[in-house]
Amino acid sequence: MSTGSESPIRSNDVSVGLTRRKYSMGLRPLGADEWSAWIEHDGEGWYVPLGTRDETAAQRQADEIRRQVRQHGWTRLGVRVPREITFAIFWLEAPLACTYSTLFTLPAVAPPVPASGRALRFRAALVESDVTLRRAIVHALESIDGCSVTGFGSLQELTDAPRRSANVDVVLVNRVLAPSSSEAPSHAVRSGREQPGPLMFAYGLYPSSDHIFMGFSGVEAGYLLRRRPLGQLFEPLEGAFASGRLLVDEVPRAVRRYCQGLFSPGVGGVDNSIRSSLTVRERQILASLQRGHHDKEIAVELGISPLTVHTHLKHIFEKLGAHTRTEAVVKYLEK
């Protein structure tokens, strides 16, 4: 598996299934009408846009990509086959808090051209070993107003290029490359320099938002997974700006205020109609699901029978429009 991606799915062969992806709007010429294929090989799976509305043509295209992936693998096809990527920045580890957005490798739609003379708000460095993914992420983040991004292939490359990394405010590093990534899924730490350096945040690359939750099931402090439009991906930093520039020392406080605000009634776009429709017991069960508990464990914890847990789960699925436990938790956390 490429070090630039994470997927909990494992397989020894390639599988293909057609689907339409709703988050393609504004990112692909055909938007949500375009067929995509789920293609998996050697433990790594991605949604691949197929460039057509015609189902028969899409299946032919998927079969051809399937053949190429089997023959060459994902790494060699990266420069020829676009992939849908969920890019998630982890701001806190307890609770696990991230903002995420959809982007595509080999983007077919250019990002909005920033207005000439726009004010530079902050500089970011991106550390990603996969050159195709690195170019796609930098391309996307550069479209965010006031954001300047420089890509690096490793932390060592970042350290060895002081001129390119000068005045960087924030370093974004792939979780699999981040220092102490085995100890915490996300972190914000000072870089290892004698002088105060930029803050470092981990990010992850996933086939879909569901895979974020699946990769961290069992986090006791809970989850805050928030889909944002690409232009608002750095929203947690907003409280750390003064006179149009990012104040690095204010970032940790701004991030915590942002996350705390989302749990307050009526703040952060919380869907109160959905929340109010959930009973106290249903919320308790959702909280247990967030901690990775199984039905029997939930039953013991709440003093009810497993059958009653199943009944509550059925009602939760109906209210949230979910079909699985993972989807229910993700939808609830996105509200």
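Values in this text are rule-based calculations from the coordinates and carry no lab data. Predicted model, so just to flag it, every value in this text is computed and none were measured. We place every Cβ from the backbone using ideal geometry, glycine too, and count neighbours over all the protein chains shown.
Between rounded, prolate and oblate, where does segment 42-177 land on the alpha carbon gyration tensor, with a ≥ b ≥ c its root eigenvalues, rounded for a/c under 1.5, else prolate if a/b exceeds b/c?
Prolate is the answer for segment 42-177, as a/c is 1.5 or above and a/b outweighs b/c.
Step through the residues of segment 228-242 one at a time and calculate ³J(HN,Hα) from phi using the Karplus curve (6.51 cos²θ - 1.76 cosθ + 1.60, θ = phi - 60°), rounding each to whole Hz and writing x for Gly and Pro.
Whole-Hz 3J(HN,Hα) from phi for segment 228-242: 10, x, 3, x, 10, 4, 8, 3, x, 8, 4, x, 10, 9, 9.
Among residues other than Ser154 whose Cβ falls under 15 Å from its Cβ, what is the net charge (Lys/Arg +1, Asp/Glu -1)?
Neighbourhood net charge equals -1.
Only counting other Cβ atoms within 10 Å, I'd like Lys22, Lys319 sorted with the fewest neighbours first.
Ranking Lys22, Lys319 by Cβ neighbours within 10 Å, fewest first, gives Lys22, Lys319.
Using modelled amide H (1.01 Å from N, peptide plane; none on Pro or chain starts), what sits under 5 Å from the amide H of Leu92, excluding residues fewer than 5 places away?
Ala97
Enumerate the calculated ³J(HN,Hα) couplings along segment 318-332 in order (Karplus 6.51 cos²θ - 1.76 cosθ + 1.60, θ = phi - 60°), each rounded to whole Hz, writing x wherever the residue is Gly or Pro.
Those phi angles translate into 5, 6, 8, x, 10, 10, 9, 4, 4, 5, 4, 5, 4, 5, 5 Hz.
Can you give the log10 of the normalised intensity I(q)/I(0) at q = 0.13, 0.19 Å⁻¹, computed with Debye over equal Cα scatterers of segment 272-334?
Computed log10 I(q)/I(0) values: -0.28, -0.62.
Out of residues 5 or more away from Thr150 or on other chains, whose amide H comes under 5 Å of its own, with H placed 1.01 Å from N in the peptide plane?
Here Ala124, Ala125, Leu126 satisfy the definition.
Each residue of segment 279-286 in order: what ³J(HN,Hα) in whole Hz does its phi give by Karplus 6.51 cos²θ - 1.76 cosθ + 1.60, θ = phi - 60°, with x for Gly and Pro?
Each residue's phi maps through the Karplus curve to give 6, 4, 5, 5, 5, 4, 5, 4 Hz.
How many angstrom lie between the Cα centre of segment 204-262 and the Cα centre of segment 18-61?
28 Å
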